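The values are calculated or read from the model by the stated rules, or taken from the named source; none is laboratory data. What you are looking at is a predicted structure, and each value in this text was computed from that prediction instead of being measured. So basically every Cβ, Gly included, is an ideal-geometry build from the backbone, and we count neighbours across all protein chains shown. Keep in mind that these areas ignore ligands, DNA and RNA; they rest on the heavy atoms of the full protein, side chains included. Shrake-Rupley method; radii C 1.70, N 1.55, O 1.52, S 1.80 Å.
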Amino acid sequence: MPSLGRLHLITDTRPGRDPLAVLRAALPVARAELVVQVRVTDDATDREAYDLARRVVALCARYDATCLVNDRLHVALAVGAAGGHVGADDLPAGAARRVLGATAVLGATAREPGTAAEAVAAGASYLGVGPCNATSTKDGLPAPIGPAGVRAVAAAVNVPVVAIGGVTAADVPALLAAGAYGVAVVGALSGAADPARATAELLGALGC
Ligand SMILES: Cc1ncc(COP(=O)(O)OP(=O)(O)O)c(N)n1
Ligand SMILES: Cc1nc(C(=O)O)sc1CCOP(=O)(O)O
Ligand SMILES: [Mg+2]
């Protein structure tokens with residue numbers, strides 16, 4: 001399995017956003033340290049997801065960056081992505097592993113140690129853990145778990161923990177101290193006035 005990058009950029013689904021422009025700014029700065037997770041709205045068609053994902057795969061290939069696809073594992077397979085990410089409303093981690101195969105990157109969302117350990121036992125190769133902070137990017141999330149919640153999960157598993165939810169560069173030191181391996185962001189890059197500079201700041205905070 002390839003080593004996992006520490007900075008995960010999730011494509012912004014909000015109206016008026018241009019995820020490919022953000023990606024083009026971030027890639028030359030982060031290169032192989034960047035993991036791009038293609039995430040579309042639930043009402044997007046498979047064709048829309050496929051069209052975005054194949055463009056992301058092509059861009060990532062130029063920089064040895066990694067492309068994952070959120071939720072839609074058939075799209076991940078169709079575009080030749082490195083793997084996918086699943087959560088509580090998606091295929092269970094064990095089923096996702098069977099779909100993707102033994103060598104794919106498989107992320108699973110975990111918010112507490114018990115489900116984290118179950119996801120790893122079922123085949124998850126990293127965990128997305130949060131929400132660390134309040135965020136306006138996604139509705140319906142539980143209360144923030146903060147660095148303490150990340151610490152509890154990281155102590156329970158032996159795979160990389162990627163902290164998510166309202167994460168900025170200022171949060172990174174506390175999250176690393178809590179045992180996080182990396183961070184996943186939408187707004188910290190997509191909402192930045194200068195996404196290339198914001199990428200460099202996040203990488204610096206991550207020690208990359
Ligand atoms: C790195 C990372 N962590 C968590 C999530 C959330 O996944 P999920 O709970 O399945 O919610 P959706 O993103 O599908 O709405 C994630 N995508 N990435
Ligand atoms: C897609 C997603 N999943 C989360 C979770 O906690 O499961 S938080 C989140 C949104 C992350 O965006 P931002 O960096 O702008 O807060
Ligand atoms: Mg999901």
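Quick look at the values:
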quantity: Residue list for the stretch 131-152, restricted to those being on the phi > 0 side of the Ramachandran plot and within 10 Å of ligand 1 (Cβ to nearest atom); calculated: 140
quantity: Single condition residue 106 does not satisfy, out of (1) within 14 Å of ligand 3 (Cβ to nearest atom); (2) farther than 27 Å from residue 176 by Cα; calculated: (2)
quantity: Answer residue from the stretch 81-98, given it is open to solvent by less than 10 Å² (accessible area, probe 1.4 Å) and not in a helix (DSSP H, G or I) and is nearest to ligand 3 (Cβ to nearest atom) among those; calculated: 86
quantity: Cβ-Cβ under 7 Å pairs, at least 6 apart or on other chains, the stretch 153-176 side in contact (Cβ under 8 Å) with a residue 12 or more places away in the chain, far side among the β-branched types (Val, Ile, Thr) and open to solvent by 40 Å² or more (accessible area, probe 1.4 Å); calculated: 165/135; 166/135
quantity: Residue within the stretch 183-194 that is without any contact (Cβ under 8 Å) to a residue 12 or more places away in the chain, surrounded by fewer than 16 Cβ atoms within 10 Å (Cβ to Cβ), among the aliphatic types (A, V, I, L, M) and within 19 Å of residue 27 (Cβ to Cβ) present; calculated: yes
quantity: Every residue from the stretch 112-140 that is out of contact with any strand residue (DSSP E or B) (no Cβ under 8 Å at 6 or more places or on another chain), away from ligand 3 (no atom under 15 Å from the Cβ) and not in a loop (DSSP other than H, G, I, E, B); calculated: 113, 114, 117, 118, 121
quantity: Residue satisfying all of: in the stretch 121-144; of a type in the set (A, V, I, L, M) and in contact with a helix residue (DSSP H, G or I) (Cβ under 8 Å, 6 or more places away or on another chain); most open to solvent (accessible area, probe 1.4 Å) among these; calculated: 122
quantity: Among the residues listed as 173, 160, the single one being within 15 Å of the chain's Cα centre (by Cα) and of a type outside the set (A, V, I, L, M); calculated: 160
quantity: Matching entry among 182, 101, 187, 204 (being away from ligand 3 (no atom under 16 Å from the Cβ) and either over 21 Å from residue 71 (Cβ atoms) or modelled with pLDDT under 95 (or both)); calculated: 204
quantity: Subset of the stretch 99-120 that is open to solvent by less than 20 Å² (accessible area, probe 1.4 Å) and farther than 27 Å from residue 55 by Cα - its residue that is nearest to ligand 1 (Cβ to nearest atom); calculated: 110
